[in-house]
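The values are calculated or read from the model by the stated rules, or taken from the named source; none is laboratory data. Quick caveat, the model's predicted, so the values are computed rather than measured. Positions of Cβ are generated from backbone atoms using ideal geometry, with glycine treated the same way; all protein chains shown enter the neighbour counts. All accessible areas refer to the heavy atoms of the entire protein, side chains included, with ligands and DNA or RNA removed. Shrake-Rupley method; radii C 1.70, N 1.55, O 1.52, S 1.80 Å.
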Amino acid sequence: MTDKQLDVLVICGSLRKGSYNAALARTLPSLAPSSMTLRAAPTFAGLPIYNFDEHQADGIHPIASAWAQAIRSADAVIIVSPEYNWSIPGGLKNAIDWASRLKDKDQPFAGKPVALQSAATGLLGGSRMQYHLRQSLTSIDALMFPRPEVIVTFAAKKFDATSLALTDQPTRDMINLQLEAFEKFVRRVTLKG
């Protein structure tokens, strides 16, 4: 089983074109072990704010359904997200809320290995968002990868100003360490037998 290619879905919590987190997410395939295939999740842009009454009347929104199916079909998930007001960006939290409302066996995060990454221009690098996101995903039975953590501080100094390429070698090394450890974690928790 250890030679199976792992299919890893990468969710970006930012919808902004010039996002450091989107740039970080685009960097991951070049730093991942060769046994991992990373692919971008469908966007959650345009997903209406979750409303139980509308959900009951109209069913699961097509954007939420596509997003959940992408999660469900992957072996594991990496979420790369900024921090908004010391917490999870509203769009990402809303998409998670939609996904959590699927029937028990269809709830895509249940039993799914998840790693977190964040980048921010300040000293804490999105760490408060990671703490809140970890709590939220644990409540819906995601299998949270503990460490090493990727928290990119002072992002403006670590990405090229024009291309947004990640140029900071110690950060690249830490990401590589996380991805190698995450690959082992995924195999340990999901591919037993």
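For log10 I(q)/I(0) by the Debye sum over Cα atoms at q = 0.13, 0.14 Å⁻¹, the value computed from the atomic coordinates appears in the list (i) -0.66, -0.76; (ii) -0.75, -0.86; (iii) -0.87, -0.94 under label (i). Taking the protein heavy atoms of the range 86-148 in the context of the full set of protein chains, the accessible area attributed to carbon and sulfur is 54 percent at 1.4 Å. Label-to-label distance for Ala110 and Phe154 is 4.6 nm, based on points extended 7 Å past Cα in the beta-carbon direction. Restricting the chymotrypsin sites (Phe, Trp or Tyr not before Pro) of the range 98-156 to loop positions (DSSP other than H, G, I, E, B) with no more than 16 neighbouring Cβ atoms within 10 Å leaves Phe154. Note on Thr167: accessible area is roughly 90 Å² with a 1.4 Å probe, heavy atoms of protein only.
How far, in nm, would the chain grow between Arg128 and Lys184 when pulled straight, counting 0.36 nm per residue and subtracting the alpha carbon separation?
My answer for the length gained is 17.6 nm.
The separation of the range 1-56 from the range 173-187, counted between C-alpha centres, amounts to 16 Å.
If a spin label sat at a point 7 angstrom from the Cα of Asp97 along the line to its beta carbon, the backbone N atoms of the range 42-64 nearer than 17 Å would be those of 44-64.
Before I look further, what does the chain give for accessible area per residue, probe 1.4 Å, in whole square angstrom?
50 Å²
Checking the Cα-Cα distances for Lys4/Lys112; Lys93/Lys157; Lys4/Lys157 against a 26 Å cut-off, the pairs over it are Lys93/Lys157; Lys4/Lys157. Positive end of the dipole of the chain (Cβ unit charges, origin at the Cα centre): among Ile11, Gln56, Val186, the Cα lying farthest that way belongs to Val186. What does a probe at Ser30 reach in the range 136-164, counting residues whose amide N is under 18 Å from the point 7 Å along Cα→Cβ? 152, 155-164, by backbone N distance to the label point. Considering every alpha-carbon pair of the range 1-89, the percent of pairs per 10 Å bin, from zero through the bin containing the longest distance, is 15, 39, 32, 12, 2.
Could you work out how far apart the two model spin labels at Asp58 and Arg147 are, taking each label as a point 7 Å from the Cα in the direction of the beta carbon, and quote it in nm? Rounded to a tenth, the inter-label distance reads 4.4 nm. Calculated mean residue ellipticity, 222 nm, the chain: -12500 deg cm²/dmol, from DSSP H runs (n ≥ 4) at -39500 (n - 2.57) each, averaged per residue and rounded to 500. Take every pair of alpha-carbon atoms less than 8 Å apart whose residues are at least six positions apart; their mean separation over the length of the range 1-102 yields a relative contact order of 40 percent.
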